[in-house]
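The values are calculated or read from the model by the stated rules, or taken from the named source; none is laboratory data. Treat the numbers as computed from the prediction; the structure is a model and nothing was measured. Ideal geometry is used to build each Cβ from the backbone, glycine not excepted, and the neighbour counts take in all protein chains shown.
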Amino acid sequence: MGRLASVALVALVILGGLLGPADAQTKDDTVVYAFQSDVQNWDPPNSVLRESIILGYHVFDHLAVRDLKTNRVVPHLATSWKALDDTTWELKLRRDARFHDGTKFTARDVKATFDRVLNPENKLTARGNHAKIKSIEVVDDYSVQFKTDGPYPLFVERLTAQVMQSEKVIKEKGHEWMQDNPVGTGPYKLLKWNKKQEHLLVRNDDYWGSKPSFKYVRIRIIPETATQIAELISGGVDVIKAVPPDQMDVINKSGQARTSTSPILRTAMLQLDQAARSGPNPFTDRRVRQVANLAVDVDAIIKFVLNGLGDRVATPVNPMAFGFDPGLKPYKQDLDRAKKLLAEAGYPNGIDVRFRTGLEIVEPGLKQTNEAIVADLAKVGIRTQQNYIGEVGPYVNQVKDGKAGPMFNWSWGYYSVFDADAILFDVLHCGEAYSYYCNKELDALTDAGRSTLDQKKRAEIYVKAQKILFEDAAYLFKWGLRGVWGISNRVNYEAPRDEIDRMFIVTPRKK
Amino acid sequence: MRRYLFRQLVQLAVVVVGISILAFAILHVLGDPVLLLLPQNAGKEEFERYRKLLGLDQPLYVQYWKFSSGALQGDFGKSWYADTPAFRLVLERMPPTIYLTLAGLLVALLIALPLGILAALKRHSFVDTLCTAVAVAGQAMPIFWLGIMLIIIFAVQFRALPASGYGTWKHFLMPAFTLGAFLAPITMRLVRSGVIEVMNMEYIKTARAKGVGERMVVAKHAFRNACIPVITVLGLQFGQLLGGAIVTETVFAWPGVATLTVESIRNQDFPVVQCAVVLLALIIVAVNFIVDMIVGFIDPRIRVGA
Amino acid sequence: MKTAGAGNEVALKNLAAAVALDATATRASLRRLWRLKWGVAAAVVILMIVGSAVLAPWVATHDPLSVNIRNRLAPPAWMDGGTPRHLLGTDQVGRDLLSRVIYGGRISLAVGTSAVLISASIGVLMGLGAGYFGSRVDWTIMTLVNVMLTFPFVLLALAVIAVLGPSLMNMIIVLGVADWPLYTRVIRAETMALREREFILAGRALGMSHLRIMFRQIFPNLVSLIVVIATLQVARVIILESFLSFLGLGIQPPTPAWGNMLGEGRLYMLNSWWIAAFPGLAIFVTTLAINLMGNALRDWLDPHMKL
């Protein structure tokens, strides 16, 4: 008996020991948010992940932000902006913003941030976003001038897509340090980062703007959707995103949480390797790409698998983006024509393709919609073999390195910039990291579209561009996503149209 | 006693070397180590450099020497995903796994000991049959299913326990119970047969003949000596226990070595996989060794026998 | 004639005695069978499972891969919204669940039996060798056994799948190769015990070769032991295969396997629970039946078997 008791005692002591690090925060002052996959660094310009954008909004500030109610871009760190001429913009900055290390935010920080991003040697992923900016000049402590490479219509919009980092940190601490230690001017500070497990943010009590209600934000990494939903219902998490539409009733019936949906800028597609980045493949032939589009009954998938939560699109340009052509009708399923076309293209016995897939992350119901698509493709002779990569970092890296072909899942959030250019360039321009399509005609249109300030002309250019994309069947087009969020009844919050979750506007709900 | 210790140490060393060879073989012989150990997007020069570093043109035993000498110093390469040394990553995630394993062991003992003894004492009665039936059913239950069911019942339905994660004693309850339920059936049967065997021994009969009360017989003699086979087998079962912990961790999103290993496999982050496998195996070896020592100390017959 | 008559009487008496003996023998056998009733019931269940797996193309009502999203998440026939067409309902893309469970059984049993065949073959050979030859051969083999037994089955399987990649063939190989030490230990002990018996020594004296002795004389005595261990191992392998598929490291979807169906169904546990419940039940029932049958087999063949 004694032996057993001592074993038990030792076990209890060990157990007790680990329970020491009890969290300082309580339930009432913490809001809990879930990610499906963790970021690889805390340096937003060095990451293309949506999670990085969201985290960036919490710890850093931007020169301008989108007002969710009016959907217009409004001043934030910049108090005003003016186009001095076609290629020069002047911005005036706030005087009361401070970085978390105490240094004041000035024009020099703006210059340092952009210089770092634009420097091709740094190889930061955000570079392509701001490539039209040629140089930045400090006019005085709180004014800065941007010179652009020709007229740049998206200049103001893109101000919402670059966080302001500290010149002192960039110069004194360097790139490596910045990967793990974010120093921003934002409403929260990073307190602790347990890689791949959770982030803990604490409120910045010296923030120049409106202070968040919750003192702490806990961001938990929960890879399984089923676990996320279980945690939401059992009170372990307050906000989750990308809820599969067929689980919405579970959340809504639970009495503990509710769902909130919103059309978002993100468009889903299957990229087909027309540019042969991963090597020769059948999709370099336009007819085969058209076959893929003709084979799939996309409308049925939206209706039955997504329960209607998707907006059919003819090309990857989203209905909410400037330049969208509502007159262009998408492909209709036509199995006979598809089979004939495939035979015409030289594949009477069909083709075998490798299909790369990954985690849902931002696309709810991805696994199920993939299975439906795969089944439809098989009906016309396109046989797929699924190749699943279970973490978003490696998946995105494979895409970036040109290894993801001939067919893979892709979606694009436009960096929350509501303009056709935000997808035409990064995802469809020849030579860009995330684009497996190469069409000189399209490139000419894209370049023209971002070089004129005449909105009417731009709209015409984009109509032409979409026609090309459609007729050339650039990719297998799917739909504009409707984001589905799960929100605990403990808090007030609604689905954000720009897909940027802001824990700093979440308030507790009065019982 | 010293001879026994020495013999065990030799065996330990041999097994450790064997494990390192096995781990080396899996990575370096079954796959192309350069492809496996470098991140996907490393450039061509990186590949060439690593090839030279690993000495892939050199005979296997040289490569093995490089691997094992590095391993002894704790250098298993860098996790390309997190850009930190693999050894540190695995070590960081070790405590939750160890705690879970111990908690599971505790639960298993709490279930198996009383039931096993009861079944042995009331042999062939209804109670015995019931316990045996429960044990057989328990062995057939896939524990990942059990874990999911527990989450649905206690976290979602009753909202009494957290659905996943780590941090408070409440987070321990379901995973520990799941793991304990995994090990309990076989432990119970071992306890039962161990107690039965001991009960039939001469000195017990002698004690009974002397008129010592039944309870005393059980408590003093039977139990203490039944412990030996139980401890031995539990020690040997530590490997099984760890295996069960691997399954349990994945269901409860427990931040331990098992979830790290599975993630790393999905990530194709092989330095971490290799390091985790080696370290876990070493822990098992260490535990087996300690158990052998303890048992050898208690029961001289084991020391002297084969 | 007298002799014939007397002969007939004796013959009749002998016949009667033989029949009586036979009857008691049969009665004894039947009594043993009754004591092992659970094992018999389990064997019947297994027969049904194996039968449905082998005859799957005729027993299953639908093609397990045929997707029909218009009919997704249909509940089992006895619930609201269920139809008799899909007895167990449909899954998240409209495939018939019953058919998928049946075909999944095919995979599980195929993997289970193939892996066990491989590991039993390797394990028995090694055990025979170690037990019979002793000294250096024994030491080498037993060291290898100890090393491999140290690795938990799960860990070894994970490590090798990590390198080789998930597929049906790889799973069978991994599960087969990882499990042989279990057999070796037991076979070695038995071989060592048998080695010293008279009939073996006689064989050696007669000049029989080692191989002949091992396979003609020792091996037949081990068969019941091997059969019992192998049976119980099939259950273990099935559970391990399910676990690997559940993690996404085993059989890849859309090929139906109980493990990956459970993994996919996990998301639906709270509303379309049947997608995960029935595969889980299938694993449980199959494993339970195999365990019961294995135990009964052991009791039938040799109740004093040390297992």
Test A:Arg258 against the stated conditions and say whether it is under 27 Å from A:Tyr475 (Cα atoms) and in contact (Cβ under 8 Å) with a residue 12 or more places away in the chain. no
Would you mind finding the one in C:Gly94, C:Gly89, C:Gly134, C:Gly129 that is surrounded by fewer than 21 Cβ atoms within 10 Å (Cβ to Cβ) and farther than 23 Å from C:Ala230 by Cβ? C:Gly134
Exclusive hit being at pLDDT 95 or above and buried (at least 22 other Cβ atoms within 10 Å of the Cβ), set A:Ile219, A:Ile264: A:Ile219
Does C:Arg298 meet the test of being in contact with a helix residue (DSSP H, G or I) (Cβ under 7 Å, 6 or more places away or on another chain) and charged (D, E, K, R)? yes
Could you say whether any residue in region A:274-287 is within 15 Å of A:Leu469 (Cα to Cα) and without any contact (Cβ under 8 Å) to a residue 24 or more places away in the chain? yes
From the options A:Phe283, A:Phe304, residue that is aromatic (Phe, Trp, Tyr) and under 18 Å from A:Ala473 (Cβ atoms): A:Phe283
Quick one: would you say C:Leu158 is assigned to a helix (DSSP H, G or I), farther than 15 Å from C:Gly131 by Cβ and touching a residue at least 40 places away in the same chain (Cβ under 8 Å)? yes
I'm trying to understand the selection: among the residues of region A:179-221, which are farther than 22 Å from A:Val32 by Cβ, more than 14 Å from chain B (Cβ to nearest Cβ) and under 24 Å from the mean Cα position of the chain (by Cα)? A:Asn181, A:Val183, A:Thr185
Condition (residue is more than 15 Å from A:Asn409 (Cα to Cα), at pLDDT below 95 and outside any loop (DSSP other than H, G, I, E, B)) applied to region A:275-282: is it met by at least one residue? yes
Taking region C:164-179 as the search range and keeping residues that are outside any loop (DSSP other than H, G, I, E, B) and surrounded by fewer than 22 Cβ atoms within 10 Å (Cβ to Cβ), which one is nearest to the other protein chains (Cβ to nearest Cβ)? C:Leu164
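Matching residues to (1) surrounded by 20 or more Cβ atoms within 10 Å (Cβ to Cβ); (2) assigned to a helix (DSSP H, G or I); (3) more than 14 Å from chain A (Cβ to nearest Cβ):
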site	(1), (2), (3)
B:Phe76	yes, no, yes
B:Arg88	no, yes, no
B:Thr97	yes, yes, no
B:Ala103	yes, yes, no
B:Ala112	yes, yes, no
B:Gly116	yes, yes, no
B:Thr129	no, yes, yes
Matching residues in region C:282-307 - criterion: being more than 9 Å from chain B (Cβ to nearest Cβ) and farther than 30 Å from C:Ala193 by Cα: C:Ala282
Pick from B:Val272, B:Val278, B:Val285: which is over 14 Å from B:Thr101 (Cβ atoms), assigned to a helix (DSSP H, G or I), more than 9 Å from chain C (Cβ to nearest Cβ) and under 14 Å from the mean Cα position of the chain (by Cα)? B:Val278
